[in-house]
Amino acid sequence: MTTSKRPEAKGQAVQNMFDAIAERYDLMNRVMTMGQDQRWRSFVVAKTGDVGEGRVLDLATGTGDIAHLASVRHPQATIIGGDFSSNMLLQAKKRFSQSRIHWLSCDATNLPYAENTFDAVTFGYLLRNVADCPAVLKEIYRVVKPGGRVVCLDTTPPARGVLYPFISFYLRFVIPLLGRLLAADAAAYSYLTGSTMEFYPAETLAEFFVAAGFSDVQYKRFMLGTIGIHWATK
């Protein structure tokens with residue numbers, strides 16, 4: 001994937017975009033994925049394994065869905081939901097105001113934690129929105145304990161085949177239209193389409209995990225190949 005923006009410029013643009021769409025983010029996710037997004041998030045949390053009384057970090061936590069599911073699955077663990085969008089964190093705090101989740105404003109490129117801190121790190125739709133995926137994965141590797149798990153949910157470009165024209169039409173035209181109608185922001189969801197179509201395929205992402213130092217890297221595709229979930233061990 002190539003980008004015309006410097007890393008800091010892309011980061012600021014993405015941050016501004018998510019701040020702008022935070023209030024309608026959940027509605028758009030449900031509609032765009034036809035309600036499948038919660039099933040994917042549950043799959044992510046299931047792949048974290050048994051962390052007992054350990055610590056789980058959910059990066060790019062957004063409005064908090066994965067962090068919440070992690071708190072339910074791991075009732076004895078410390079759960080931290082981190083995001084660099086203040087409006088997304090505000091929505092997460094509103095949605096799960098009675099939860100025991102610790103919310104944190106943070107940048108995945110420079111995490112405020114020591115090495116070997118977390119038993120599991122999850123992240124949804126993070127890598128597609130950063131300028132340097134390998135560098136972010138190395139930073140995540142740094143804060144995971146030996147034997148800890150990482151689980152990544154993200155969009156992936158659809159494979160070219162008989163269904164490709166229909167998938168491409170949905171991504172390029174239907175999603176921006178939904179963004180205009182439901183979130184009053186067609187530009188943000190045009191970015192979603194563009195960043196998905198130009199993103200790395202699942203096989204390349206798996207190679208990045210290996211290069212960062214992770215082992216036992218596996219992945220599974222969903223929704224006609226437009227969603228990939230990767231999991232690995234440090």
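The values are calculated or read from the model by the stated rules, or taken from the named source; none is laboratory data. This structure is a prediction, so every number in the text was calculated from the model and none was measured. Neighbour counts are summed over all protein chains in view; Cβ atoms, including those assigned to glycine, are modelled from backbone coordinates with ideal geometry.
Does SER97 meet the test of being in a helix (DSSP H, G or I) and either of a type in the set (Ser, Thr, Tyr) or over 28 Å from LEU171 (Cβ atoms) (or both)?
no
Tell me yes or no: at least one residue of the stretch 88-100 is out of contact with any Asp or Glu (no Cβ under 8 Å at 6 or more places or on another chain) and aromatic (Phe, Trp, Tyr). Within the stretch 88-100 (the criterion being out of contact with any Asp or Glu (no Cβ under 8 Å at 6 or more places or on another chain) and aromatic (Phe, Trp, Tyr)), the answer is yes, since at least one residue qualifies.
Here is a check on your reading of the model: is THR61 at pLDDT 95 or above, among the polar types (S, T, N, Q) and under 24 Å from GLY228 (Cβ atoms)? Yes; evaluated as a whole, the condition is true for this residue.
Of everything in the stretch 78-88, what is surrounded by fewer than 21 Cβ atoms within 10 Å (Cβ to Cβ) and not β-branched (Val, Ile, Thr)? Give them in sequence order.
Initially, the stretch 78-88 is screened for residues surrounded by fewer than 21 Cβ atoms within 10 Å (Cβ to Cβ), giving 78, 86-87.
Selection gives SER86, ASN87.
Among what's in the stretch 27-51 and is of a type in the set (D, E, K, R) and either surrounded by 17 or more Cβ atoms within 10 Å (Cβ to Cβ) or in a loop (DSSP other than H, G, I, E, B) (or both), pick the residue that is modelled with the lowest pLDDT. Result: ASP37. Residue count for the stretch 74-89 under the criterion of being touching a strand residue (DSSP E or B) at 6+ places or on another chain (Cβ under 9 Å) and over 11 Å from LEU57 (Cβ atoms): the result is 6. For the stretch 27-44, the count of residues that are touching a Ser or Thr at 6+ places or on another chain (Cβ under 7 Å) and closer than 23 Å to LEU205 by Cβ is nonzero. Entry remark, the stretch 110-119: residues being surrounded by 16 or more Cβ atoms within 10 Å (Cβ to Cβ) and in a loop (DSSP other than H, G, I, E, B) number 3 in total. Please find, within the stretch 73-128, the residue that is farthest from SER195 (Cα to Cα) out of those that are in contact (Cβ under 8 Å) with a residue 40 or more places away in the chain and of a type in the set (Gly, Ala, Ser). The extreme case among them is ALA77.
Before we move on, is VAL14 surrounded by 14 or more Cβ atoms within 10 Å (Cβ to Cβ), modelled with pLDDT under 85 and closer than 21 Å to PRO176 by Cα? Steps first, please.
Numbers: surrounded by 14 or more Cβ atoms within 10 Å (Cβ to Cβ): yes; modelled with pLDDT under 85: yes; closer than 21 Å to PRO176 by Cα: yes.
It is true that VAL14 is surrounded by 14 or more Cβ atoms within 10 Å (Cβ to Cβ), modelled with pLDDT under 85 and closer than 21 Å to PRO176 by Cα.
With respect to GLU23, is the statement that it is modelled with pLDDT under 95 and either among the charged types (D, E, K, R) or buried (at least 22 other Cβ atoms within 10 Å of the Cβ) (or both) true?
Numbers: modelled with pLDDT under 95: yes; either among the charged types (D, E, K, R) or buried (at least 22 other Cβ atoms within 10 Å of the Cβ) (or both): yes.
When the stated conditions are applied, GLU23 passes them.
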